[in-house]
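Student: After the structure tokens below, expect a handful of questions from me.
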Amino acid sequence: MRLGRIIVSCLLLAFLAGGAWGQSASWALWSAYSTRFIDNQGRVIDYQRGDMTTSEGESYALFFSLVANDRARFDQILNWTRNNLADGDLTTHLPGWEWGKAADGKWGLLDSHTAADADLWICYDLAEAGRLWHEPRYTALASIMAERIAHVEVVNLPGFGPMVLPGDAGFHPLPDVWLLNPSYVPLPVIQRLAVLNPSGPWSAITQRLPAFLRHSSPRGFAMDWVSYSPTGGFLPAGQPGPKGKPITKPKGSYDAIRVYLWAGLSNPEAPESRADLAAVSGMAAWLDKHLFPPETVSASGIPGKTDGPVGYSAAVIPYLIGMGKKSGTQQDRLEAQLDPATRLYGRPPAYYDQNLAMFAKGWQSHRFRFSGDGKLVVPWKH
């Protein structure tokens, strides 16, 4: 018995030491990201896009601060998001998606329309912060947000079932056409909302995710945007602009790369997880014969000749591992572009690349996992 206890203790100590758990200071990438991209108010700044802030950036920062067990930073980011993107009240307003410098030189909310991916992540972050930090007000706010998201950003597609719209307006351009973004529905997040809001549409959305990805991914490649109609089904679409008119050609690129990431991060015990991976297997087949992910994929599922940035390689690491493939080439590329001066990836380091890298490297180094029902599993809790 004594030998058994010693073995268990040693294994536990090795597990904890290997993950370098604890406060945010022990996660070098998150600390470096916070220093460069988050100001002292809790605003995440995208320097490559005119110093703008998006609800997406705030939602990811909330998630990483929770993973890092950094409650002070979590509250700071949450307060800035509430006060600047949600008119001071997340119980009555979902966040506007874009904040920055207007044409008149004033700083503020540039677009009050919502972005469903950010709303879902913020709701998830609050739900898991409430559970892990034993804070009822987070849990209550998450429940309110889940109901509002279901009311404002979920549609029942005729002939298919419920699915998340990308936002509260502009994604239903014709009476029988809807525009959707496959990267806006991460399986673990939807799974958790099904537990948080059991009367909502979340279980049904979870069950339909594999079919959604399968039918909207030509040759197994995820698209940035897709349209749906009862007669035509899912088809690649351009990014919607004013009044829903496309402003880009249909393709898979910077949005779509997250589809592979979410599929790889999902718990393989979830029935939908394997099906999601299989639905976007084209990227794995491509990487069997090519070094890096393509920057773009055409609407017919043909990869372009230009490699994607370093964040793409980070995003496909969990995906390749989930597919039973080798990910060493992508990891080597990632580490080769780590700048020792900034401790970030790329020169200069791009906001989006770092976020993809934090999801991938945080998962790979066991800083977090998702359970079969979407719970956030963090070793500092144990």
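Residue-by-condition table, conditions (1) at pLDDT 95 or above; (2) buried (at least 20 other Cβ atoms within 10 Å of the Cβ); (3) basic (Lys, Arg):
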position	(1), (2), (3)
Ala256	yes, yes, no
Ala263	yes, yes, no
Glu269	no, no, no
Ser281	yes, no, no
Pro294	yes, yes, no
Ser298	yes, no, no
Gly322	yes, yes, no
Lys326	yes, no, yes
Tyr345	yes, yes, no
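Student: Among the residues of region 300-318, write down those that are surrounded by fewer than 18 Cβ atoms within 10 Å (Cβ to Cβ) and touching a Pro at 6+ places or on another chain (Cβ under 8 Å).
Tutor: From region 300-318, those surrounded by fewer than 18 Cβ atoms within 10 Å (Cβ to Cβ) are 300-302, 304-307; that's our starting set.
Residues satisfying the conditions are Ser300, Gly301, Gly304, Lys305, Thr306, Asp307.
Student: Going residue by residue through region 258-270, is there one that turns out to be under 16 Å from the mean Cα position of the chain (by Cα) and polar (S, T, N, Q)? Give the steps one after another, and end with the answer.
Tutor: Initially, region 258-270 is screened for residues under 16 Å from the mean Cα position of the chain (by Cα), giving 258-267.
Narrowing the set further to residues that are polar (S, T, N, Q) leaves 266-267.
Looking for residues that are under 16 Å from the mean Cα position of the chain (by Cα) and polar (S, T, N, Q), one finds at least one in region 258-270, hence yes.
Student: Here's something else I'd like to know. Among the numbered criteria (1) modelled with pLDDT under 95; (2) under 28 Å from Asn355 (Cα atoms); (3) not small (Gly, Ala, Ser), which one does Val226 miss?
Tutor: (1)
Student: Could you list, in sequence order, all residues of region 92-103 that are open to solvent by less than 50 Å² (accessible area, probe 1.4 Å) and farther than 16 Å from Gly167 by Cβ? Break it down into steps so the answer makes sense when it comes.
Tutor: Of the residues in region 92-103, the ones open to solvent by less than 50 Å² (accessible area, probe 1.4 Å) are 94-96, 98-100, 102.
Result: Gly100, Ala102.
Student: Looking only at helices (runs of 4 or more DSSP H) that fall completely inside region 79-196, which ones have 2 or more residues that are under 26 Å from Lys381 (Cα atoms) and of a type in the set (S, T, N, Q)?
Tutor: Details: elements: 116-132, 136-153, 187-196.
Of the helices (runs of 4 or more DSSP H) lying wholly inside region 79-196, those with at least 2 residues that are under 26 Å from Lys381 (Cα atoms) and of a type in the set (S, T, N, Q) span 136-153.
Student: Tally the residues that are open to solvent by 40 Å² or more (accessible area, probe 1.4 Å) and among the hydrophobic types (A, V, I, L, M, F, W, C), restricting the search to region 36-90.
Tutor: Number of matching residues: 1.
Student: Filter region 287-344 down to the residues that are polar (S, T, N, Q) and assigned to a loop (DSSP other than H, G, I, E, B), then identify the one that is nearest to Leu235 (Cα to Cα). Spell out how you get there, then give the answer.
Tutor: Filtering region 287-344 for residues polar (S, T, N, Q) gives 296, 298, 300, 306, 313, 327, 329-331, 337, 342.
Checking the rest, the ones that are also assigned to a loop (DSSP other than H, G, I, E, B) come to 296, 300, 306, 327, 337, 342.
Details: Thr296: 17, Ser300: 10, Thr306: 24, Ser327: 30, Gln337: 36, Thr342: 42 Å.
Top of the filtered list is Ser300.
The values are calculated or read from the model by the stated rules, or taken from the named source; none is laboratory data. Here the structure is a predicted model, which is why all the values come from computation and not from measurement. Cβ: placed from backbone, ideal geometry, glycine included. Neighbour counts: every protein chain shown. Side chains included, ligands, DNA and RNA excluded: accessible areas come from the protein's heavy atoms. Shrake-Rupley method; radii C 1.70, N 1.55, O 1.52, S 1.80 Å.
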